[in-house]
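The structure appears right after this line, and notes come after that.
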Amino acid sequence: MGQQIYLCRHGQTEWNKAKILQGQLDSPLTEDGQKQAQQLAQKAKSWPLELIVSSHLGRAVQTADIIAATLKQPRLTLPGFCERHFGSWQGKQTATLPEYQAFREHRYTRPDLMPNTGGESANMVTARFYKTFAHLFANHKYNGVMIISHGDAMACLAQSFDQGQVIDNCGGMLLRWEDNKLHWEKWLD
């Protein structure tokens, strides 16, 4: 049966609202983002969770803290689940970055494509996630784990399963870790 992974995006941040590319920089959750995290926690009450994990970036930590407190579950931080690095585009409004707009058109259809200002390709992000999953499950068997991560990094991983889709704040996917391999299950409602 494998181990169930509920991989979800963090709540809305100030920079999401202002359309600033965060990458591995950070901004706090908005009030709406905190509400989204609380709503996700309510939905997750019916999931067989034993652990809440997040990337080390503040927006994921803040979302995971809300969920872990609501569900009374232990929490762990793993930097390998952080957002894609976008090089020098990070911290800038996307509308002011014509190179980013061109990159954005092909970022998943050409998974080897890297931002021309440094950063990571989709293949690099997916490899980092696989390595982090392997580390997480190396010595522990969980019925279910919720991981709070980031939209573009999650989209890189989803595209590796031919599941391209924009991931809304607190949206997510269900995956399964079995025989040291990640398997696609479905998008979460």
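The values are calculated or read from the model by the stated rules, or taken from the named source; none is laboratory data. In this text the structure is predicted, and so the values were computed from the model without any measurement. As a convention, Cβ positions derive from the backbone with ideal geometry for all residues, glycine included, and neighbour counts pool all protein chains shown. The protein model used for the area step is the full one, side chains on, heavy atoms only, and it has no ligands, DNA or RNA in it. Shrake-Rupley method; radii C 1.70, N 1.55, O 1.52, S 1.80 Å.
The table below lists the values:
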{"item": "Some residue of segment 93-100 being farther than 24 Å from N169 by Cβ and out of contact with any Lys or Arg (no Cβ under 9 Å at 6 or more places or on another chain)", "result": "yes"}
{"item": "Residue match in segment 173-187 (condition: under 21 Å from Q101 (Cα atoms) and under 13 Å from the mean Cα position of the chain (by Cα))", "result": "no"}
{"item": "The one condition in (1) part of a helix (DSSP H, G or I); (2) at pLDDT below 95 that L136 fails to fulfil", "result": "(2)"}
{"item": "Residues of segment 142-165 satisfying the condition of being free of Cβ contacts under 8 Å to residues at least 60 places away in the same chain and touching a helix residue (DSSP H, G or I) at 6+ places or on another chain (Cβ under 7 Å)", "result": "Q159, S160, G164, Q165"}
{"item": "Residue within segment 28-39 that is touching a Ser or Thr at 6+ places or on another chain (Cβ under 6 Å) and more than 17 Å from D168 (Cα to Cα) present", "result": "no"}
{"item": "Subset of segment 102-117 that is farther than 12 Å from L21 by Cβ and outside any loop (DSSP other than H, G, I, E, B) - its residue that is most open to solvent (accessible area, probe 1.4 Å)", "result": "E105"}
{"item": "Matching option when the condition is modelled with pLDDT under 95 and either hydrophobic (A, V, I, L, M, F, W, C) or under 12 Å from the mean Cα position of the chain (by Cα) (or both), among M146, M114, M154, M124", "result": "M114"}
{"item": "Near pairs, Cβ below 8 angstrom, 6+ apart or cross-chain, from segment 125-137 (open to solvent by 60 Å² or more (accessible area, probe 1.4 Å)) to any residue that is not in a helix (DSSP H, G or I)", "result": "Y130/L182; H135/L78"}
{"item": "Selection within segment 145-189 - open to solvent by 20 Å² or more (accessible area, probe 1.4 Å) and part of a strand (DSSP E or B)", "result": "R176, E178, K181, H183, W184, E185, K186, W187"}
